[in-house]
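Please read the structure below before turning to the comments.
The values are calculated or read from the model by the stated rules, or taken from the named source; none is laboratory data. Predicted model only: the values in this text are computed from it and were never measured. Virtual Cβ from ideal backbone geometry, glycine too; neighbours counted across all protein chains shown.
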Amino acid sequence: MSVVQGKVADQFHAAMREREAETLSPLAARSYCTAGRLDPEEPEQCSVRSAFQIDRDRILHTKSFRRLMSKTQVYIAPEGDHYRTRLTHTLEVTAIARTVARALGLNEDLVEAIGLGHDLGHPAFGHTGEHALDEALSSRFGMRFHHNEQSLRVVDFLERDGRGLNLTAEVRDGIRNHTGATDPATLEGRIVKIVDRVAYINHDIDDAIRAGILRREDLPKGPIELLGETGSERIDRLVHDMVEASAAAGTIAQGEDVGPAMLDLRSFMFEHVYLNDDNNADKQRVSELLPRLVDWYVEHPDQLPWLPGAAEREDELPRRIADWIAGMTDRFCLRVLEETFLPKRFRFAR
């Protein structure tokens with residue numbers, strides 16, 4: 001960085017400090033005072049972006065982020081144009097989370113970076129794919145697969161040809177803990193954790209109804225009466241409730257009635273849609289074929305590509321298999337399954 005660029009950067013960050021002191025809540029994460037990166041970078045300052053904005057841009061330009069457009073939320077390579085993908089889910093989460101953060105005076109840039117990165121490690125075929133991959137790795141190796149941990153692995157080791165993105169500790173923490181028993185360390189990360197559920201529960205209800213798997217009258221009456229009949233009504237209710245409850249509690253919270261109602265809807269969706277193979281023959285086939293693919297790579301490790309940044313020792317074969325399969329899009333995974341298990345004369349014309 002030249003002397004002139006350094007002066008511009010200093011002026012920008014001084015202005016940012018002043019602006020954040022005036023506009024952000026005392027509870028907000030500060031863009032100029034992060035817990036640092038895995039590898040310190042010199043110079044750390046950019047003349048036009050904060051550390052969290054740099055993280056956002058690094059995530060946005062990854063191959064993993066672009067692949068989200070071809071990973072579906074619930075349905076297996078659907079033919080309809082209007083079903084959600086993992087990418088549209090990510091954008092919805094990020095937009096809703098920024099709304100909540102702005103209303104609470106928290107750091108929108110941090111929320112945006114966590115939101116954009118939270119699902120980078122999610123495998124193909126939505127919840128069914130994650131469940132099937134977890135079951136296969138667990139039964140074969142005693143190794144569990146969780147997409148939040150894989151998302152952190154993507155940004156730490158797999159992206160940028162194995163160098164990783166070297167994100168700030170706050171963004172890494174938010175990605176790692178956006179699901180699971182541990183809450184993120186920042187309030188911004190906790191917003192994304194709740195909003196992730198707000199988004200996928202409601203848009204997956206819309207998609208399930210569009211696919212004919214659910215009818216509106218099938219939805220549990222209590223939560224629907226409290227939260228609203230439509231997805232937009234429910235999201236609006238949940239967002240307002242989160243802002244009001246959080247402002248009163250001094251932390252990220254949901255109301256005593258609204259929070260449990262959302263969790264009831266989530267339980268309903270897992271039971272009747274996400275993990276219910278009876279309503280979707282494709283999901284049942286995925287549950288059968290992904291474990292077979294894991295076994296095939298165990299028997300044919302020479303067919304497993306080496307990924308930059310992936311495990312390199314022979315005894316880390318389970319990790320290599322998880323990295324490779326989790327990175328596949330729906331279309332690519334279907335093609336691999338076809339080429340692996342279907343004789344050439346029976347393959348589909350393209």
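Restricting attention to segment 8-36 and to residues that are assigned to a loop (DSSP other than H, G, I, E, B) and without any contact (Cβ under 8 Å) to a residue 12 or more places away in the chain, the residue that is surrounded by the most Cβ atoms within 10 Å (Cβ to Cβ) turns out to be Cys33.
Does at least one position in segment 294-306 carry a residue that is under 24 Å from the mean Cα position of the chain (by Cα) and either modelled with pLDDT of 95 or more or among the basic types (Lys, Arg) (or both)? Within segment 294-306, one or more residues are under 24 Å from the mean Cα position of the chain (by Cα) and either modelled with pLDDT of 95 or more or among the basic types (Lys, Arg) (or both). Just give me the residues in segment 118-132 being at pLDDT 95 or above and touching a strand residue (DSSP E or B) at 6+ places or on another chain (Cβ under 8 Å), in sequence order. None - no residue of segment 118-132 is at pLDDT 95 or above and touching a strand residue (DSSP E or B) at 6+ places or on another chain (Cβ under 8 Å), so the list stays empty. Scan segment 307-330 for residues that are in a helix (DSSP H, G or I) and modelled with pLDDT of 80 or more and jot them down. Selection gives Glu316, Leu317, Pro318, Arg319, Arg320, Ile321, Ala322, Asp323, Trp324, Ile325, Ala326, Asp330. Within the set Ser138, Ser151, the sole residue that is of a type in the set (Gly, Ala, Ser), over 14 Å from the mean Cα position of the chain (by Cα) and within 23 Å of Arg319 (Cβ to Cβ) turns out to be Ser138.
Residues that are touching a residue at least 12 places away in the same chain (Cβ under 8 Å) and over 22 Å from Ala51 (Cβ atoms): does segment 185-192 have at least one? Checked against the condition, which is being touching a residue at least 12 places away in the same chain (Cβ under 8 Å) and over 22 Å from Ala51 (Cβ atoms), segment 185-192 yields no hits at all. Output the residues belonging to segment 98-131 that are surrounded by fewer than 24 Cβ atoms within 10 Å (Cβ to Cβ) and within 29 Å of Cys333 (Cα to Cα). Correct list: His127, Glu130, His131. Within segment 198-224, being within 22 Å of Glu256 (Cβ to Cβ) and surrounded by fewer than 21 Cβ atoms within 10 Å (Cβ to Cβ) holds for Leu219, Pro220, Lys221, Gly222, Ile224. Pairs linking a residue in segment 213-225 that is charged (D, E, K, R) to a residue that is modelled with pLDDT under 95 and assigned to a helix (DSSP H, G or I), with Cβ atoms under 8 Å and 6 or more positions apart or on different chains, are Arg215/Ile209; Arg216/Ile209; Asp218/His272. Scanning segment 251-265 for residues that are in a helix (DSSP H, G or I) and surrounded by 18 or more Cβ atoms within 10 Å (Cβ to Cβ) gives Val258, Ala261, Met262, Leu265. For residues that are among the basic types (Lys, Arg) and at pLDDT 85 or above, scanning just segment 61-97, find the one that is surrounded by the most Cβ atoms within 10 Å (Cβ to Cβ). Looking at the filtered set, the residue picked out is Lys71.
Out of the helices (runs of 4 or more DSSP H) lying entirely within segment 181-250, which hold 2 or more residues that are among the β-branched types (Val, Ile, Thr) and closer than 22 Å to Ala101 by Cβ?
Correct list: 187-210, 231-249.
In segment 132-154, the residue that is surrounded by the most Cβ atoms within 10 Å (Cβ to Cβ) out of those that are in contact (Cβ under 8 Å) with a residue 12 or more places away in the chain and among the hydroxyl-bearing types (Ser, Thr, Tyr) is Ser151. Of the residues in segment 276-291, at least one is modelled with pLDDT under 95, within 24 Å of the chain's Cα centre (by Cα), over 17 Å from Leu137 (Cβ atoms) and not in a helix (DSSP H, G or I).
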